[in-house]
1. Return the pairs, sorted by first residue and then second, in which the second residue is surrounded by 13 or more Cβ atoms within 10 Å (Cβ to Cβ), the first residue lies in the stretch 54-72 and is over 25 Å from Leu31 (Cβ atoms), the beta carbons are less than 6 Å apart, and the residues are 6+ apart or on different chains.
2. Can you list the strands (runs of 3 or more DSSP E) found entirely within the stretch 1-52 that contain at least 2 residues being touching a residue at least 24 places away in the same chain (Cβ under 8 Å) and crowded, with 18+ Cβ neighbours inside 10 Å?
Amino acid sequence: MCLAIPACVEQLTAENHAIVNLSGIRKEVSLILVENVIPGDYVIVHVGFALQKLDQHEAERTLAMFAELSTHNDTPNA
């Protein structure tokens, strides 16, 4: 199973590359698989590649779900 994470594009760098924000972690990724990406867009990132653009509402909903799962995993079992 693969996990792709929504990330917000902060800045375009070299050709077909961008700096994205992955829940506070800034990372450079390749945009070679996605067209017409601009700062502020959300993309799905997997192993250093943006795979597709994602609607902002859907990205925020997915990130909130990840945060909720993380909170539940931090709770000790009785």
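The values are calculated or read from the model by the stated rules, or taken from the named source; none is laboratory data. Note that the structure is a prediction, hence the values are computed from the model and not measured. Neighbour counts are summed over all protein chains in view; Cβ atoms, including those assigned to glycine, are modelled from backbone coordinates with ideal geometry.
1. Cβ pairs passing all conditions: none.
2. On the way: elements: 5-12, 17-22, 25-30, 42-46.
Passing ranges, in order: 5-12, 17-22, 42-46.
Yes or no, residue by residue, for (1) among the acidic types (Asp, Glu); (2) at pLDDT 85 or above:
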site: Leu12; (1), (2): no, yes
site: Gly24; (1), (2): no, yes
site: Val34; (1), (2): no, yes
site: Ile38; (1), (2): no, yes
site: Ala50; (1), (2): no, yes
site: Asp55; (1), (2): yes, yes
site: Arg61; (1), (2): no, yes
site: Asp74; (1), (2): yes, no
site: Asn77; (1), (2): no, no
